[in-house]
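Taking it in order: structure first as structure tokens, then the write-up.
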Amino acid sequence: MAAGSAAAALLLCRAVFDPAMASEGSLPGRLFLITGPSGVGKGTLVTALLARHPQIWLSISATTRAPRSGEVEGQHYFFRERSQFEADVAAGGLLEWAEFAGNCYGTPRAPVEAQLAAGRPVLLEIELEGARQVRRSFPQGFQIFLKPPSFAELERRIRGRGTDREEAIVRRLERARIELAAADEFDAVLVNADLDEALKQLEQLMGLV
Ligand code: ADP
Ligand code: 5GP
């Protein structure tokens, strides 16, 4: 990859992750967060990242969404009834949570804190409202916004994935416009045009290469 194209992929970066600045108070681990509209390629990119850097611990979220074909309990999500989810919220068991396209999603608190305490890099892959909550509770975390090369390409990817019904696709695209407008809040904005290039940029942002 030419240096020029690498620079072009990284649309905006206020800071590259600085390990010296990153410990969360008494917790020695580092907290990274990746967000961006549904269908932009967060899951794809994170899977590729973890394959190359297995030391990173990915938080598994709780959700009230029904499992998609092939999704496994405890691996992709902890699938919960709404009443169970609400009980978790009431008990303070979630680090953050938000409603997205008609379903609730949240990050179980205890495993994140345990992994950070053990000194592992922790990665959250969550939507905008959750990212904002995490920014308040972990201001030294490093937050990356993943952007599509265009809105038309985002729609092609959501539809091409083939996992959502038309109604869900419409809700996700509506939500995507709101999320894209918030990109400037993040420590870095990365365009996922070419996947390999985006992966290299992500590794650089996270101080992994
Ligand atoms: P998200 O987790 O953000 O909802 P996914 O990882 O499920 O998105 O990706 C949505 C679709 O886009 C998938 O079919 C995936 O294979 C495809 N995709 C991801 N990254 C790229 C890319 N750089 N170029 C083309 N297609 C991509
Ligand atoms: P999906 O239904 O496509 O798996 O996820 C929908 C959206 O919910 C995605 O933007 C994803 O990043 C987000 N999400 C997944 N887990 C969490 C979570 O724990 N908290 C929040 N706030 N969002 C999440």
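Things worth noting here:
- Cβ pairs under 7 Å, 6+ apart, first in segment 80-103 and at positive phi, second surrounded by 10 or more Cβ atoms within 10 Å (Cβ to Cβ): 101/168; 101/171; 101/172; 101/175; 102/171
- Enumeration of residues in segment 33-44 that are crowded, with 22+ Cβ neighbours inside 10 Å and not in a loop (DSSP other than H, G, I, E, B): 33, 34, 35
- Residue 169 being β-branched (Val, Ile, Thr), closer than 18 Å to residue 36 by Cα and over 14 Å from the mean Cα position of the chain (by Cα): yes
- Qualifying residue in segment 44-58 (condition: under 18 Å from residue 110 (Cα atoms) and polar (S, T, N, Q)): no
- Just so you know, in segment 120-135 the residues that are assigned to a strand (DSSP E or B) and touching a helix residue (DSSP H, G or I) at 6+ places or on another chain (Cβ under 6 Å) include one that is farthest from ligand 2 (Cβ to nearest atom), and it is 122.
- With respect to the conditions (1) buried (at least 19 other Cβ atoms within 10 Å of the Cβ); (2) closer than 22 Å to residue 157 by Cβ; (3) at pLDDT 95 or above, residue 100 lacks only one, and its number is (3).
- Of all residues in segment 136-154 being assigned to a helix (DSSP H, G or I) and within 12 Å of ligand 1 (Cβ to nearest atom), the one that is surrounded by the most Cβ atoms within 10 Å (Cβ to Cβ): 154
- Filter pass, residue 168 being within 13 Å of ligand 2 (Cβ to nearest atom), modelled with pLDDT of 95 or more, of a type in the set (Gly, Ala, Ser) and not in a strand (DSSP E or B): no
- Residues that are away from ligand 1 (no atom under 11 Å from the Cβ) and touching a strand residue (DSSP E or B) at 6+ places or on another chain (Cβ under 6 Å) do occur in segment 165-183.
- Any hit, segment 112-119, residues being outside any strand (DSSP E or B), at negative phi and within 16 Å of ligand 1 (Cβ to nearest atom): no
The values are calculated or read from the model by the stated rules, or taken from the named source; none is laboratory data. Because the structure is predicted, anything quoted here is derived from the model rather than measured. With ideal geometry, Cβ positions are generated from the backbone for all residues, glycine too; neighbour counts draw on all protein chains shown.
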